[in-house]
1. Using a cut-off of 11 Å between beta-carbons, work out the net charge of the residues near Leu144 (Lys and Arg +1, Asp and Glu -1, Leu144 not included).
2. List the chymotrypsin sites (Phe, Trp or Tyr not before Pro) within the range 109-190 that DSSP assigns to loop and that have no more than 15 neighbouring Cβ atoms inside 10 Å.
3. Mind checking which of Gln178, Tyr157, Ile108 is farthest towards the positive end of the chain's charge dipole, using Cβ charges of +1 (Lys, Arg) and -1 (Asp, Glu) about the Cα centre?
4. For the range 25-98, which trypsin sites (Lys or Arg not before Pro) are in a loop by DSSP, counting at most 14 other Cβ atoms within 10 Å?
5. Roughly how big is the chain's charge dipole about its Cα centre, with Cβ charges of +1 (Lys, Arg) and -1 (Asp, Glu), in debye to the nearest 20?
6. Per DSSP H run of at least 4 residues, take -39500 (n - 2.57); add these up for the chain, divide by its residues and hand me the 222 nm value, nearest 500 deg cm²/dmol.
7. Please identify every one of the GluC sites (Glu not before Pro) in the range 156-196 that sits in a loop by DSSP and has no more than 13 other beta carbons within 10 Å of its own beta carbon.
8. Place a label point 7 angstrom from the Cα of Lys47 along the Cα-to-Cβ direction, then list the residues of the range 130-148 whose backbone nitrogen is under 15 Å away.
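Every number here is computed from the coordinates shown, using simple stated rules; none is lab data. Worth saying up front: this structure is predicted, and the values here are computed from it rather than measured. FYI the Cβ positions are ideal-geometry reconstructions off the backbone, even for glycines, and counts take in every protein chain you see.
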Amino acid sequence: MKALKENGIPFVVIGGTDEPDVVQIDNDHISACSELTSIILMKGTDKLAFICGNSAQVVNQTRREGFVKGLEKCGKSVKDALFYMDCDSAAQIERATDEAIRSGAECIICADDYIANSVLVKLSRDGKEVPKDIKIASFYNSALLEHNRPPVTSIQYDPRQLGFEAARTLIAMIGGEQVQPKKLLGYEVVLKGSTL
């Protein structure tokens with residue numbers, strides 16, 4: 001990015017970045033994660049665990065922020081939830097899952113599809129039934145979660161729309177138009193059997 005900026009070459013980042021003065025097109029992770037978290041709490045689930053990957057990644061920071069906002073929207077604080085950050089390997093995710101269950105979590109909210117799939121594999125291997133023994137939700141849906149039984153409650157984003165908006169924005173920049181420095185796109189919370 002530095003070379004592009006120094007040479008005045010227009011570019012757009014798909015996703016979030018901490019880099020200043022960069023045009024970004026991203027999903028509205030904070031609102032989406034806040035909404036899903038608050039829905040799960042409003043449906044009567046009390047103790048949540050959040051399992052997340054690398055905390056240095058902007059997407060994980062925004063998903064954590066959304067989770068916290070969802071807690072606060074329902075009158076809870078960060079002390080009312082369990083946080084497992086920097087779970088980047090299957091072994092770390094499995095340890096976090098075990099600890100969450102031992103600590104009384106009623107629902108594990110996973111920052112992404114990879115983590116959700118790893119949690120589901122672990123629970124299945126341990127003979128735990130979703131949602132009877134513990135509920136699961138994911139802050140990102142993909143084909144990785146498509147064939148689970150029960151289907152996984154998740155957030156659906158539109159990757160084609162991200163690409164379209166990035167291309168449209170880049171063309172506008174090349175044409176000399178002023179563009180929004182950051183554009184957030186919509187989402188859909190899809191409630192499925194894993195949180196019933």
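1. Values: positive: none; negative: Asp112, Asp113, Glu146.
Taking every other residue near Leu144 into account, the sum is -3.
2. Working: sites: Tyr114, Phe139, Tyr140, Tyr157, Phe164, Tyr187; in loops: Phe139, Tyr140, Tyr157, Tyr187.
Counting only loop positions with at most 15 other Cβ atoms within 10 Å, none of the chymotrypsin sites (Phe, Trp or Tyr not before Pro) in the range 109-190 qualifies.
3. Of the options given, the answer is Ile108.
4. Working: sites: Lys43, Lys47, Arg63, Arg64, Lys69, Lys73, Lys76, Lys79, Arg95; in loops: Lys43, Lys47, Lys76.
Loop-located and lightly packed - Lys43.
5. On the way: 23 positive and 27 negative charges, 86 e Å.
In total the dipole reaches around 420 debye.
6. Working: 6 runs with 77 residues, N = 196.
Computed mean residue ellipticity for the chain: -12500 deg cm²/dmol.
7. Values: sites: Glu165, Glu177, Glu188; in loops: Glu177.
Listed in order of number, the matching sites are Glu177.
8. 133-135
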